[in-house]
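Novice: Let me give you the structure first, and then I'll get to my questions.
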Amino acid sequence: MYQMLKQVARTGIVTEPPPEPDEALRELQQRLGAAVLAHFGRSLAVRHVDAGSCNGCELEIHAANGPHYNLERLGIKFVASPRHADLLLVTGPVSRHMEVALRRTYDATPDPKLVVAIGDCGCTGGIFGESYASCGRVSNVIPVDVAVPGCPPAPLEIMRGILTAVSRKPGSPSTAR
């Protein structure tokens, strides 16, 4: 034990300080936080649905919810039930076995609801397209408000997509980027 404590004292602090957020991130965080507050007057509840993805987009969503991007600080929280959600974040091409589940999740989400398709697979069907096992893009199954392309899109792009969905005019679909 003494040897370990001596080693710790000799080595000192070996971590480095976290990187400072760049101006683009800081400005996007301010705009997103203000838009959520203006349009909802409270926090934005997000239900994430994996409709058959490779988990690349999920890793980026987790990064956006992590300490560097910190969606929770902006009033955006992930919920376990679609009944509590304001926005559906859908990733992956919709596989045939997830088609009914995605429709039921969409129907269970209270109006007014927003849908953001994440990644190339969610936007276009990606390399899977439409086949016997895949319905293809998310918009083939439920209406999509914003599509965020990329394989996978960066956390900043996901945040821009959420901002576009929150601040869009009702009834006008668009693509973030």
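Novice: Around Gly136, which amide H atoms from residues at least 5 apart in sequence, or from another chain, sit under 5 Å from its own amide H, with H modelled in the peptide plane?
Specialist: Amide H to amide H, under 5 Å and 5 or more residues apart or across chains, Gly136 pairs with Val94, Ser131.
Novice: Given an 8 Å cut-off on Cα distances and at least 6 residues of separation, report the relative contact order of region 24-175 as a percent.
Specialist: Reported as a whole number, the value is 25 percent.
Novice: Separate question: Please list 3J(HN,Hα) in residue order for region 68-81, calculated via the Karplus relation 6.51 cos²θ - 1.76 cosθ + 1.60 where θ = phi - 60°; whole Hz, with x for glycine and proline.
Specialist: Once θ is set to phi - 60°, the couplings for region 68-81 become 6, 8, 6, 4, 4, 5, 8, x, 10, 10, 8, 10, 8, 10 Hz.
Novice: Charges on Cβ only, +1 for Lys and Arg, -1 for Asp and Glu, centred on the Cα centroid of region 24-175; of Gly56, Ser139, Gly125, which one is farthest towards the dipole's positive end?
Specialist: Result: Ser139, furthest along the dipole toward the positive end.
Novice: Let me ask something else about it. Taking the Cα centre of region 103-146 as origin, work out the dipole magnitude from +1 charges on Lys and Arg Cβ and -1 charges on Asp and Glu Cβ, in debye rounded to 20.
Specialist: Working: 4 positive and 5 negative charges, 21 e Å.
The dipole magnitude comes to about 100 debye.
Novice: Rank Val36, Gln3, His97 by how far each Cα sits towards the positive end of the charge dipole of region 1-102 (+1 on Lys, Arg Cβ; -1 on Asp, Glu Cβ) and give me just the farthest.
Specialist: Going by the Cα projections, it comes out as Gln3.
Novice: For region 24-175, with only Lys/Arg (+1) and Asp/Glu (-1) charged at the beta-carbon, what is the dipole magnitude about the Cα centre, in debye rounded to 20?
Specialist: Its charge dipole is roughly 420 debye.
Novice: Please compute the volume of the convex hull spanned by the alpha-carbon atoms of region 1-77 and report it per residue in Å³.
Specialist: Enclosed volume per residue, from the Cα hull, is 177 Å³.
Novice: Can you show me the helix-derived [θ] at 222 nm for the chain, built from DSSP H runs with n ≥ 4 at -39,500 (n - 2.57) apiece and divided by the number of residues, rounded to the nearest 500.
Specialist: -12000 deg cm²/dmol, from helical runs alone.
Novice: Read phi for every residue in region 40-53 and hand back ³J(HN,Hα) as whole Hz from Karplus 6.51 cos²θ - 1.76 cosθ + 1.60, θ = phi - 60°, with x for Gly and Pro.
Specialist: Values, residue by residue: 10, x, 7, 7, 9, 8, 10, 10, 8, 10, 8, 8, x, 7 Hz.
Novice: Next question, about the same structure. I'd like the Kirkwood hydrodynamic radius of region 43-114, using the inverse of the mean 1/r over distinct C-alpha pairs, in Å.
Specialist: Values: mean 1/r = 0.0786 Å⁻¹.
Averaging 1/r across every pair of different Cα atoms and inverting gives 12.7 Å.
Novice: What is the P(r) of region 97-138, as percent of Cα-Cα pairs per 5 Å bin from 0?
Specialist: 6, 21, 24, 26, 15, 7, 2
Novice: Convert each backbone phi in region 144-159 into a coupling constant with the Karplus relation 6.51 cos²θ - 1.76 cosθ + 1.60 (shift: θ = phi - 60°), then list the ³J(HN,Hα) values in order as whole Hz, x for Gly and Pro.
Specialist: 10, 8, 9, 10, 10, x, x, 9, x, x, 5, x, 4, 5, 5, 5
Novice: Counting each pair of different Cα atoms once, what's the Kirkwood radius of region 24-175 in Å, rounded to one decimal?
Specialist: Details: mean 1/r = 0.0661 Å⁻¹.
Result for region 24-175, one decimal place: 15.1 Å.
Where a number appears in this text, it was derived from the coordinates with a stated rule and is not lab data. Since the structure is predicted, the reported quantities are computational estimates derived from the model, not experimental observations. Quick reminder, even Gly has a Cβ in these numbers, built from the backbone with ideal geometry, and neighbours come from all protein chains shown.
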